[in-house]
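Here's the structure, in structure tokens; my notes come after.
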Protein chains: 2
Amino acid sequence: MEIKVVKKVLAANDIMAEKNRQLFAEHGVLAVNVMSSPGSGKTTLLEDTITRLVPDVRPAVVVGDICTTNDAVRLARSGAPVVQINTDGFGGDCHLAAHVVREGLAGIDLSQTDLLIIENVGNLVCPAEFDVGEDLRVVVLSVTEGEDKPLKYPLMFRICDAGILSKTDLLPYLDFDIELAAANIRQINPAMPLFRLSTKTGEGMAPWIEWIKDKVREKRAGTV
Amino acid sequence: MEIKVVKKVLAANDIMAEKNRQLFAEHGVLAVNVMSSPGSGKTTLLEDTITRLVPDVRPAVVVGDICTTNDAVRLARSGAPVVQINTDGFGGDCHLAAHVVREGLAGIDLSQTDLLIIENVGNLVCPAEFDVGEDLRVVVLSVTEGEDKPLKYPLMFRICDAGILSKTDLLPYLDFDIELAAANIRQINPAMPLFRLSTKTGEGMAPWIEWIKDKVREKRAGTV
């Protein structure tokens, strides 16, 4: 019975996701859903990413948390439009659903936006099940989390279009085999582009930024 | 409608949790539900904890993951009885529910057990909502995850009986203010015992082990 109802909720979500997707298409906005565990460094990565994209790309952010506006405050420093969504207004949801993103969009002028970043709730499980109308999904795995995570949370890694191994500056202090982590990701999703980077040192940021810029260009040209 | 059904599922869960609790009481077993994000170092901590508890305490483990038996393989090295539960047999659940723990118990001889450790699915959100019949709940937060996590995931920190700040050996390489993290936890849960430890250096393990041993003794004496 639980499963049946969850299916209904997912079907309703898919309808709203499709509406979001149409809205993004009308405005030529590339929507990127960024997901990870709590503490992977998502917000820091997005702050740095936005700073590097401006002014070539005009980004905006919808950021989801159960509570607090900490992430929105941090992201707003970048100068990009930021809307915070607290899912405790939506039953404390452990993920962003399409209708919740839709409410967040009311605070963003899509005609002045090239790239909409959706920073999902920190959770490597549930957000993978909810389409929010995004063009691309990105998973961030910090090198402090262990090489086995792609195998333990395969759905997330399977549905994503790019993977980021973050906090690589910490590698010298960890027993983390980054080649094994990459191989585990490839086992789940062989073709996924994989970026290894550190916002602290800036190492590896350039290829990630180029990838996003390419995708924004492709969206404008109507090929994403 | 979604919320109504979720309430029904939670009510059914509570009934099964109560049955588990009775079973633990009959055998004088202390049941501890350990929760955290993916990659907080839960499994490593539990391996080390079990090794330090034996032979004074007879531990057993029920370990939950969506897929893989990696954690069970690691925990079995400690010599303790270990049962792996894969929630992909239960709809890919993002948490352990009481009936799922119940199935795991079939593989454990409770008459030969003093301490049942329930290693939950790596998720700082959903497991907080599901009582599995445990006596105590413990949350593990690694120092790589950021000081704000207790404020962003307050339910988890509110419902727990002890908190662990793990991987303290990494502090010299991080911009992590452990006093701020502890203050944020205290803001949510003022009375919660808090352990700062590293399995790598062994620092801080002793007070945690003593706390668990005390709780096992109290359970045997019928005062937990």
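Only the coordinates and a few stated rules stand behind these numbers; no lab work does. Source: prediction; values computed, not measured. Heads up, the Cβs are rebuilt from the backbone with ideal geometry, glycines too, and the neighbour counts pull from every protein chain shown.
A P(r) calculated from all alpha carbon pairs of region A:94-224, with 10 Å bins opening at zero, reads 11, 38, 37, 13, 1 percent. With q set to 0.07 Å⁻¹, the log10 of I(q)/I(0) for the protein assembly as shown, from the Debye formula over equal scatterers at the Cα positions, is -0.34. For A:V82, the residues 5 or more places off, or on other chains, whose built amide H falls under 5 Å of its own are A:V61. Straight Cα distances below 30 angstrom link B:K19 to the lysines A:K4, A:K7, A:K152, B:K4, B:K7, B:K8, B:K42, B:K213, B:K215, B:K219, with same-chain residues fewer than 8 positions distant left out.
At 20 angstrom or more along the helix axis (alpha-carbon based) and mean Kyte-Doolittle of -0.5 or higher, what helices does chain A contain? Whole DSSP H runs only.
Values: long enough: A:2-26 (36 Å, -0.14); A:205-220 (23 Å, -1.11).
In chain A, the long hydrophobic H runs are A:2-26.
Between the listed residues A:L174, A:L151, A:T87, the Cα displaced farthest toward the positive end of the dipole of chain A, a dipole computed from Cβ unit charges relative to the Cα centre, is found at A:T87. Close amide H pairs (under 5 Å, H built 1.01 Å from N) link A:R137 with A:N33, A:D161, A:A162, residues at least 5 positions away or on another chain. Working note: Debye formula, equal point scatterers on the alpha-carbon atoms of region A:1-73, no solvent; log10 I(q)/I(0) at q = 0.13 Å⁻¹ is -0.59. Take every Cα pair under 8 Å whose residues are at least 6 apart in sequence, average their separation, divide by the length of region B:2-220, and the relative contact order is 25 percent. Taking other Cβ atoms within 10 Å as a rough exposure proxy, A:V73, A:V62 sort from fewest to most as A:V73, A:V62. Distant-in-sequence amide contacts of B:L115, defined by a placed amide H-H separation under 5 Å and a gap of 5 or more residues or a different chain, comprise B:L30, B:R58, B:A60. Computed from backbone phi, the HN-Hα couplings of region A:148-156 come to 7, 4, x, 7, 7, 10, x, 4, 4 Hz, rounded to whole numbers (Karplus: 6.51 cos²θ - 1.76 cosθ + 1.60, θ = phi - 60°; Gly and Pro given as x).
Estimated from helices alone, the mean residue ellipticity of the protein assembly as shown at 222 nm is -12000 deg cm²/dmol (sum of -39500 (n - 2.57) over DSSP H runs with n ≥ 4, per residue).
Couplings 3J(HN,Hα) of region A:90-97, computed from phi: 10, x, x, 3, 8, 7, 8, 9 Hz, in residue order, whole Hz [Karplus 6.51 cos²θ - 1.76 cosθ + 1.60, θ = phi - 60°; x for Gly and Pro]. Phi-derived couplings, Karplus 6.51 cos²θ - 1.76 cosθ + 1.60 at θ = phi - 60°, listed residue by residue for region A:112-121: 10, 10, 9, 9, 9, 9, 10, 8, 6, 4 Hz, with x used for Gly and Pro.
Counting only C-alpha contacts under 8 Å and six or more residues apart, can you give the relative contact order of region A:35-84 as a whole percent? Spell out each step's value before the answer.
Values: 43 pairs, mean separation 19.2, N = 50.
RCO, region A:35-84: 38 percent.
Taken residue by residue and averaged, Cβ atoms of other chains lying within 10 Å of the Cβ of B:26-39 number 3. Each residue of region B:2-220 gets 118 Å³ once the volume of the Cα convex hull is shared out per residue.
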